[in-house]
Amino acid sequence: MARFQYVAIHKSGKSTRSFIEADTKESAVDTLKKQGIRVLSIQTAKKTNFLSISIGGNKVKSKDLVIFTRQMATLVNAGVPLVRSISTLQQQTESKALKKQLGQVVRKIEGGTSLGDALQEHPNTFSEIYVNMIRAGEEGGILDEVLKRLAIQQEKDAAIRGKIKGAMTYPTVIFSITIIASIILLTTIVPKIGDIITDLSGGKGELPVYTRALLALSDFMLQPLFIGLMVVGLPVSIILFRRLIKTPKGRYQWHKFLLKVPIVKVLITKVAIARFARTFSSLMGSGVTIVRAINTTAGSIGNAVIEKELIQSARFIEGGEQLSTRLEKSKHFPPLVSQMLAVGEETGQSDQILLKVAEFYEEEVDTFVGALSSILEPVMIVVLGAIVGVIAASVFGPISNISTNIN
């Protein structure tokens, strides 16, 4: 499946520039036509080369975007004109990047561009989901409600990311300390003690196997080859890996691998379902069509495998099939999601039902992350103690034996 960039005109008469994934240009144009979008030009989007280096520095923090969105909702709800609202928020924001972008947005709106089209000029800050919901709010006259939904959605998503990062901080610190301490011991202290033990024992052949293995590892870590691997090889490998997983194929394979790792798979699936349910609910509640909502939501899942599955589901839904029916056949969505969505489709309250699903799985993520954190902390301490214990036994065991023999 390829990614195409297109310029088109909506049935409302507004021009837009966006991206779509399809097998061919023709199928992409057909999909857009079914959505009431007239394509002016379409071309294959540039692929990300895994050796290319992207330069940042113009990034808006999620916290600043959440504050802007919520304050914008308040001002619009109070009846403050759109341009004046954005200008006010531009003056008081602490983010230099956001301040610059809002200035450009104001100029676009003053020139006759809609808010959604103006925001679309800054895709690194305002995602496709954000822009589509803003457009739906403008068309339906419910921009203040849409902005409130966006603020809540962003806060929930930021909260999930924060809890996962918080749970992984302590184990990561302990693991890093363990690696650094082991390298220091094996490259500074162990070689000196090893020379003493070897001299006293008359050679490495008389030492225990684990002591000889430790001394061999210490010798290897002092070799130019190992130093070169650590100083040059490791950083280069990390950079190449990060570039690789930014390409569509590399990203898909990496996400496919993660879904096979037992504990990681559970966490990724729960987070993906929570994001899907809340984002899809927000889009449906804002008046976005179901096919467009699915295609837009797929990009917010955070996993390329589940994203592809949702995009494929959209094609069947265009043919008249229910979304709940497609999710029943999914490998990643549990039966609870499809069953609750089926109830929502029967009652015409899919957005409300999915909101409850999102809240349920957000609580599931909280519980899982808390349990994972409580398990990882003692495990990492045990691992640290085991490594230190092995090194101590390998060094002091032979010394004790030699002392006994001398006595």
Take the stretch 269-306 and flag every residue that is at pLDDT 85 or above and charged (D, E, K, R).
Lys270
Is it the case that Ile180 is assigned to a helix (DSSP H, G or I), hydrophobic (A, V, I, L, M, F, W, C) and more than 30 Å from Phe333 (Cα to Cα)?
yes
Here are Gly287, Gly320: which of them is more than 30 Å from Ser373 (Cα to Cα), without any contact (Cβ under 8 Å) to a residue 12 or more places away in the chain and not acidic (Asp, Glu)?
Gly320
Among the residues of the stretch 362-373, are any at pLDDT 85 or above, part of a helix (DSSP H, G or I) and more than 19 Å from Met168 (Cβ to Cβ)?
yes
Please give the helices (runs of 4 or more DSSP H) falling wholly within the stretch 206-308 in which 1 or more residues are closer than 30 Å to Glu345 by Cα.
262-285, 290-298
Cβ-Cβ under 8 Å pairs, at least 6 apart or on other chains, the stretch 121-147 side modelled with pLDDT under 80, far side surrounded by fewer than 17 Cβ atoms within 10 Å (Cβ to Cβ) and of a type in the set (Ser, Thr, Tyr):
Glu139/Ser12
Keeping to the stretch 91-141, report how many residues are among the acidic types (Asp, Glu) and closer than 19 Å to Gly287 by Cα.
4
Name, by its number, the condition in (1) part of a helix (DSSP H, G or I); (2) over 21 Å from Ala386 (Cα atoms); (3) under 35 Å from the mean Cα position of the chain (by Cα) that does not hold for Ile196.
(3)
Looking only at the stretch 315-355, count every residue that is under 30 Å from Arg251 (Cβ atoms) and crowded, with 21+ Cβ neighbours inside 10 Å and tell me the total.
9
Which condition from (1) within 32 Å of the chain's Cα centre (by Cα); (2) outside any loop (DSSP other than H, G, I, E, B); (3) charged (D, E, K, R) is the one that Glu346 breaks?
(1)
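The values are calculated or read from the model by the stated rules, or taken from the named source; none is laboratory data. A quick note: this is a predicted structure, and the numbers were derived from the prediction, not measured. Cβ sites come from the backbone with ideal geometry, for glycine too, and all protein chains shown count toward neighbours.
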